[in-house]
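Working notes for the structure below.
The values are calculated or read from the model by the stated rules, or taken from the named source; none is laboratory data. Remember, it's a predicted structure, so these values are computed and weren't measured experimentally. Please note: Cβ atoms are built from the backbone with ideal geometry, for glycine as well, and neighbour counts cover all protein chains shown.
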Amino acid sequence: MNIPFLSFKQMNADVKAELLPSFETFIDKGWYVLGEQVKKFEQEYAAWNTTSHCAGVANGLDALIIALKSLGIGEGDEVIVPSNTYIASWLAVSYVGATPVPVEPRISTYNINPQLIEAAITSKTKAIMPVHLYGQCCEMDAIMQLADKYNLYVVEDNAQSQGAMYNGKLAGSFGHINGTSFYPGKNLGAYGDAGAITTNNQELFNQACTIRNYGSSKKYYNEIKGINSRLDELQAGFLSIKLNHLHNWNAQRVHVAELYHQLLSGTGDLILTELATGATSVFHLYVVRTQRRDALQQWLTEKGIGTLIHYPLPPHLQQAYKDLNYTTGDFPIAEEIANTCLSLPVYPGLSDDEINYISQTIKAFYHA
Ligand SMILES: *Cc1c(COP(=O)(O)O)cnc(C)c1O
C-alpha cells in the first residue's frame, strides 16, 4: 500500500463541481482583490468562527503581524509565545519589533502550559499568543484569566485549529484579535496562500483592514504605514465553497484520530496525544512520540507510508533566532518533543483500511 502523508483527493472531489463554475464567474467579473467575494467570505467565516468580524489577508503570518500591529505592539514590547510551535508565531512578534518570550508546553497536550505563563510576565509584556497546535485548542480559560489579571492582550494563533473548542467555545474567538491561515495544507485550505484575522472588536477590525491595504481606508489617503496583504477574490470564492464542508472534514479527521488511538494504544514506547480537560481537537496533525522516532519513520517510509516531523528544531534553536542567545537545554520540553515526535497521515478520505495498515505496520516495527 502507498499512503501519502497528505492527500487533497477526497476534499477536491467534494468541491470540484462547485469550484470550476465559480472560477469562470470570477474571471468574467473583472474585480480580483478585496471585492464582494472577499466580503462575503469574511462574513461567512466570522459567523462560522462566532466572532463579529473577520478580515481576509494574504496568509497566516501576515494575519498575526497585522493583529499585533493593530494592537500597537512593537519595539520594546514582549509577547509570550509557546516554545513548541511553528516558527511563524515567533516571526510575527519579531516582525513588529517586539521580543518573543517562550513558555514551555505541557508534555501531554503539546500546547502552552498556562501554569508557567505567570513567571514569564514582566513589565514589558503586552500580549500572550497561545498557539492551538496540531489541532487542539489551548486551555483558554486559564490564559484569559491571566491576561485579565495582568491587563494583557491575547492574540490566538489559530492556523491549525479551525473548529477546535475549549469548554464549548471556538478557537479563534477568545482573543482580542486573532490570526488564522488558509495555507493549502491547513484544515480549511485555499488553492494558494490566504489567511484571516478574527475579532469581536470593531476598532481593531477597522485598524486591521487599514493596515492590510497600505494603511489606507480611503483610496490614496494613507493614515499609517501599512502593508499590502490583501485576499484575492478567487481564493475567497473557493474558501466560501470549502467552508461549507469544514465541519464534515474535521469530523473525518477526528474519526481517523479515534481509530489510531484505539489501534495504537499500548504499542511499544509509543506516546499518543492527550486532550486537556475541556479541550477538543480537529487533528490538523496526528502526532505520536517515541524514543525510536527516526527508525520508525524510516520503517514506515520503506512500507510506503508518508510521515513528517512537526517540528524537527524548535524556534529557540533556529539560526534565525541566534540573537536571543538561547542554547540546547533552555526549553527541554520543546526539545524533547522535537526529538521524539512523528506525524502520521490524517486527512479526509484516509480510509479505515489505510489506518489499519498504518497501525499494523507500526505494531510490526515494535515486534521486529
Ligand atoms: C501555517 C502556520 C502559520 C502561518 O500560516 P501561513 O499561511 O503559512 O503564513 C502560523 N502559525 C502556525 C502555527 C501555522 O501552522
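A few points about this structure:
- In the stretch 42-74, the residue that is surrounded by the most Cβ atoms within 10 Å (Cβ to Cβ) out of those that are acidic (Asp, Glu) and more than 12 Å from the ligand (Cβ to nearest atom) is Glu42.
- Residue in the stretch 170-195 that is farthest from Val79 (Cα to Cα), counting only those that are outside any loop (DSSP other than H, G, I, E, B) and more than 10 Å from the ligand (Cβ to nearest atom): Leu170
- The stretch 138-169, residues that are within 16 Å of the ligand (Cβ to nearest atom), charged (D, E, K, R) and assigned to a loop (DSSP other than H, G, I, E, B): Glu156
- Checking each residue in the stretch 237-281 for being at positive phi and without any contact (Cβ under 8 Å) to a residue 24 or more places away in the chain picks out only Gly266.
- Contacts under 7 angstrom Cβ, first residue in the stretch 182-196 being modelled with pLDDT of 95 or more, partner more than 7 Å from the ligand (Cβ to nearest atom) and among the β-branched types (Val, Ile, Thr), 6 or more apart: Asn187/Val282; Gly195/Val57; Gly195/Thr180; Ala196/Val57; Ala196/Thr180
- Entirely in the stretch 1-86, the helices (runs of 4 or more DSSP H) that have 1 or more residues that are under 23 Å from the mean Cα position of the chain (by Cα) and closer than 30 Å to Pro114 by Cβ: 36-48, 60-70
- Count of the stretch 24-41 residues which are aromatic (Phe, Trp, Tyr) and loosely packed, with under 13 Cβ neighbours inside 10 Å: 1
- The stretch 83-102: number of residues that are free of Cβ contacts under 8 Å to residues at least 60 places away in the same chain and either touching a Cys at 6+ places or on another chain (Cβ under 9 Å) or surrounded by 24 or more Cβ atoms within 10 Å (Cβ to Cβ) (or both): 1
- Which listed residue is surrounded by fewer than 23 Cβ atoms within 10 Å (Cβ to Cβ), in the same structural domain as Ala55 (by TED's automatic domain parsing) and modelled with pLDDT of 95 or more, from Gln202, Gln136: Gln202
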